Amino acid sequence: MSTATTADVTVLDEGLYRGLSKTHALAIVVGAVLGAAIYIRPAYIAQLVATPGELMAVWTAAGLFCLGGALTYGELAARVPRSGGEYAFLRVTLGELPAFLYGWMRLTVGLGGVASMALAASSFFADLVPLGIAWGRLEFHALGLAATIELGPRQAVAVLIIALLAALNIRGVGTAGRLQTALTSIKVVALLALVTAVFALGHPPAAALSGPASLTPVSREPFAYSAAVLAGVSAYNGWQLVAMVGGEVQNPRRTLRWALTVGIVVAIALYLTVNLAYLHVLSMEDLRTAFSTQHPAAPSVASRAATLVLGVHAGRLLPLLFLVSTLGALHCNLLALPRVLFAMARDGLLPSRVGSVAARSRAPAVAIIVLATLATALVLLGTYDRVANMMAFGCLVFFAVNAYGLLHVQHAQRSIGAGRPSRRASLVPALFLCAATVLLLTLIARGNVEILAAVAVIGIGVPAFYAIRAWKAFWK
C-alpha cells in the first residue's frame, strides 16, 4: 500500500464504526474552520493592507487557496478512504517516511494548536465567570525561545474542557458527530444573526470610532501581502481535519469529497460576508487598532462592530459566542487528530496499543487518551503565539507535500496506463502546490525564529523514524 502507483485503496474495515453521515462530515469542516479567528484576525490583516478592497482581496485569495486544497484533498480522500487523513495519503503516495514526518509534526508542534484552543476557551469562559489569578508561574528560555509554565484556574478549566471533550469522543463517533453538528449549527446561526444585525442597524464608517483612516501606518515590510494571505489561510485552517476520520465516514469516497468542497465554499461565503459587515460599520483605522499583537488591550473587531450597532450590553454576549466557536473548533481537533495516532499505530510506527479499538463504542479510545494527555501537558505553557505559528507552518509544508504526492501518483498512472487520469485533473493540485510553495518561500525569507524552529523539529523526525525502524528490527 506504500507504492506510488497505487490508484486506489480499498475501503478498509479498521474495526471502527462508520457512524458519521454527510451532515456530520460537513459540520466537521465548517466547525473546524469557524473558530474565534474570524472575530479577531481581520485586525492583523488590516495592518498589512491599505484599503477595504485589498482586505477583501486577501480573504478571497486565502479562501480560493483553501478551496484548491479542499479539491486536492477530496481527490486524495477518494483514493485513500481510511483513517489518518494526510498521514494515510502520504503513506500511499510517497511512502512511509513522509507519512511518519507528518504524524511527527502533529505529535510535536501540532499539539500546540490543541492546547492553545483549550486555553482560549478558558479565557472566554473567564470573561463570563471570573476565575481569579494564577496560582504559580515559572519563566525560562530554551533554544532562543521564551516559555512560561503557569498553573491556575484558567489552566484547570482548559484541562477540564479537554478531558470532557475526550470523554465524549470515547463514547463513540456517533455521539461526537451529533455534538459537532450541534456546535456548528449554533455557531453559524449566531454568526448570521450578528451579521444581519450589523447590516440592518449599522451606520456607514463615517460614524465609526476613530475618524480618519490614516492615523495608524500600514505595514510596508517585504512580502506584507503574502503575510496577510497566510493570516487568512490560518483563519480558514481546519478544513482538512475531516479527512482524518475517513475510516468512520459512511460512503467515504463520495462523502469526504462532497464535505470538503461544500464545507470550504460555505466557510468562504461566511468569512466574506462577515468582513463586509465589519467594513459596513467600521473604518480601516477601527480595524487596525482592534485587538491584536499591536493593540493587546483593545476590543476585538467583532466586539467593536457589535457594540457600535447593538450597544455595550449586547457586546457582553460576544465572549459566549467566542466560547462556543472555540469549543467547536477544539472538538474537531480532538475528534480528528487521534485518528492519525491510530493509523500510525496500525502501521507499526507507534505502540500497537494506541491502535486498539474500544469493544463497546468502537472508538480509538487509547489514541484519544494519548492525544488528550499530551495536549493537557502543553496547557501548562502560558503563551502559544510562536507555537501556533510553528503549527501553521507545519500544516503548510504538508499541504505542499500532499499536493506533490497526488501529482506524483497521477504522473505514474499516466506512465503505465493505469487509470489514465487526465492532465486537466492535475491542474488544481498543481496550482495548489505552486501557491503553497510561494507562501512557504515567503515565510522562510522573512526569517522568523519560529519558522526555523519548526523546520528543526520536523527534521528531528527523520532520525526518530530510523530509530523506530531499528528498534522494530532488533526485537523481531
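Computed about the Cα centre, the dipole magnitude for the chain is approximately 1280 debye when only Lys and Arg (+1) and Asp and Glu (-1) carry charge, each at its Cβ. Ranking His203, Ser300, Pro98 by how far each Cα lies toward the positive end of the dipole of segment 22-475 (charges on Cβ) leaves Pro98 at the top.
Applying a 10 Å radius around every beta-carbon, put 174-183, 67-76 in order of their mean neighbour count, most first. Can you show the working numbers first?
On the way: 174-183: 20.5, 67-76: 24.5.
Ranking, from highest mean packing down: 67-76, 174-183.
Spatial offset of segment 17-69 relative to segment 286-314 amounts to 20 Å, using the alpha carbon center of each. Averaging the sequence gap over all C-alpha pairs within less than 8 Å and six or more residues apart, then dividing by the number of residues, gives the chain a relative contact order of 33 percent.
Per-peptide packing, taken as the mean over residues of other Cβ atoms within 10 Å, places 103-113, 186-196, 462-472, 237-247 in the sequence 237-247, 103-113, 186-196, 462-472 from highest down.
Report the local net charge at Tyr404: Lys and Arg +1, Asp and Glu -1, summed over other residues whose C-beta lies under 14 Å from its C-beta. Taking every Cβ under 14 Å from that of Tyr404, the sum is -2. Between amide H atoms placed 1.01 Å from N, distances below 5 Å from Gly152 occur with Trp135, all of them 5 or more places distant or on a separate chain. Working ranking of peptides 85-95, 290-300 by packing, defined as the average number of other Cβ atoms within 10 Å per residue, highest first, is 85-95, 290-300.
Under 5 Å from the amide H of Ser83 lie the amide H atoms of Gly247, each residue being 5 or more positions distant or on a separate chain, with H modelled from the backbone and absent for Pro and chain starts.
Membrane-span-like helices in the chain, defined here as complete DSSP H runs extending at least 24 Å along the helix axis by their C-alpha atoms with mean Kyte-Doolittle hydropathy no lower than -1.0, are 52-79, 111-128, 153-170, 173-201, 252-281, 318-346, 385-416, 427-446, 449-475; this is a sequence and geometry rule, not a statement about a membrane.
FYI, it's all coordinate maths here, none of it is from the lab. Please read all numbers here as calculations on a predicted model, not as lab measurements. Don't worry about glycine lacking a Cβ; one is built from the backbone with ideal geometry, like all the others, and counts go over all protein chains shown.
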